[in-house]
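Please read the structure below before turning to the comments.
The values are calculated or read from the model by the stated rules, or taken from the named source; none is laboratory data. The structure presented is a predicted model; accordingly, all values stated were derived computationally and were not measured. FYI the Cβ positions are ideal-geometry reconstructions off the backbone, even for glycines, and counts take in every protein chain you see.
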Amino acid sequence: MDIFIGVVVGLLVLMTLVVLHEFGHFLAARRNGVNVLEFGIGFPPRAIAWIKDEKTGKWRRLRRSEWQEAKVSKVVYSDGKDREFAQKGMVFSLNWLPIGGFCQMDGESAEDERKGTFGKASFWSKTKILFAGVAMNWLTAFVIFTVLAWTGMPEFLDGQFRLPIDTRTESTPVEVVTVAEDSPAARAGIQSGDYIVAVDGNEFLRASEIMDYNDKHAGEEVTYKIYRRGEEGCNCDTNEEFTVELNGKGADYLLGVSMATTQSLSYSTWSAPIVGAGLTLQLTGETFKGVGIMLWNLVSGVGAQFSFDAGVRENGQEAISAVGDSVSGPVGIIGVLFPTFTSAGPTNLAFLAALISVSLACMNVLPIPALDGGRWLLIAIYKLRKRKLTKEVEEKIVSRALIVLLAIFFIVTILDIVRIVQ
């Protein structure tokens, strides 16, 4: 049941983020004089639709018999041929497939020269329209992070952005989950279920920080301040210090425990908007960095397969494998991430939604013709060349890029399914 609820929540969150992206295109199009033919939530087949009367400005529900009529108006292409369609006003629709939304503008081909079409809009107007969806996703992340900074921001990243002068952190110490027999921790008296409050007087919020500290002090004596809960009802919780001589470097382990990081929440007041903006920028940078590393691993990994050195080929295979492990598609996000974060509570779910919103913005900026950034680059290149971007050329480039994206989508989906099954 938890997985089912997580999948439903995941679909709703992803659809909301995509609809907000398309709403950014819608607002920019209207502000820049481009007519919007239809704004849809979900994808067809259509469930219900309304149309706005151009004369009265009132909305009325479209009868099913009118659905095919409410399309595009007359379009004249450079070949001199007309295509006649009946457009009676802007359509707002709710559709059956809950996988996003769309904003259909009039004359989306750069070749269209009619007034009120995307093709007729100036280059600057097209720029604002194409990147408005990206801006809306960044704005969505900023708003969510600002609210979380005020109500309790989960600490997921090492060095996560915050302002120390206006930050209050609430956290449970790192928990000791297991203790290896005859390990330095066991000999010192540390037990599973203990909480590590401090190490040599330093407070750490993450298990990774304690492990890094241990690495720097391998073979030395380290003092751990431990909080230990007493038996239920005895009111005998204790705080003790244990001095441990860590194993040296090269040993199977230094301390001999497995640890679990419990979640920390940070709270801000007046700096909440600054934290929201800073964390959005930080995650944007990390996303682009991750994409760069992924592409480098892919290119270097494939290139290494042509080497005569078996070691180089093996390293290349590891780089390609790392690409597969670092990529997650809709199946992985909806089937694994959302159920996990949904069960962890609304705060964690909101953080995940903001993170995905940042990822959508970053992905759409990339110069891939089927995405907003690539479409803008295509228009910009033809403008610099002072050549007309015909509908046929535009469709050919975009369709081929779309085929590549769908192939990648298919491969990532298979990898997601394999990971889930394993």
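Here T169 meets the list (1) assigned to a strand (DSSP E or B); (2) modelled with pLDDT of 85 or more almost entirely, failing just condition (2).
Set side by side, the residues V179, V222 differ, and just one is at pLDDT 90 or above, of a type in the set (V, I, T), over 30 Å from P346 (Cβ atoms) and in contact with a Phe, Trp or Tyr (Cβ under 9 Å, 6 or more places away or on another chain), which is V222. Screening W138, W124 for residues that are in a helix (DSSP H, G or I) and surrounded by 17 or more Cβ atoms within 10 Å (Cβ to Cβ) leaves exactly one candidate, W138. If you go through region 178-198 one residue at a time, do you hit one that is within 30 Å of L27 (Cβ to Cβ), of a type in the set (F, W, Y) and surrounded by 16 or more Cβ atoms within 10 Å (Cβ to Cβ)? No, region 178-198 has no match at all.
Within region 402-420, at least one residue is modelled with pLDDT of 80 or more, assigned to a helix (DSSP H, G or I) and not aromatic (F, W, Y). Inside region 1-53, residues that are surrounded by 17 or more Cβ atoms within 10 Å (Cβ to Cβ), more than 25 Å from I356 (Cβ to Cβ) and touching a strand residue (DSSP E or B) at 6+ places or on another chain (Cβ under 8 Å) make up a count of 8. For F156, are the conditions met, namely being outside any helix (DSSP H, G or I) and either of a type in the set (S, T, Y) or closer than 30 Å to T390 by Cα (or both)? When the stated conditions are applied, F156 does not pass them. Of the strands (runs of 3 or more DSSP E) entirely within region 194-293, those holding at least 3 residues that are without any contact (Cβ under 8 Å) to a residue 60 or more places away in the chain occupy 195-199, 221-228, 238-245. Whether any residue in region 364-377 is part of a loop (DSSP other than H, G, I, E, B), farther than 27 Å from I397 by Cα and modelled with pLDDT under 85 is what I want to check. No, region 364-377 contains no residue that is part of a loop (DSSP other than H, G, I, E, B), farther than 27 Å from I397 by Cα and modelled with pLDDT under 85. Within region 351-401, the set of residues being within 27 Å of the chain's Cα centre (by Cα), surrounded by fewer than 19 Cβ atoms within 10 Å (Cβ to Cβ) and among the charged types (D, E, K, R) comprises R400 only.
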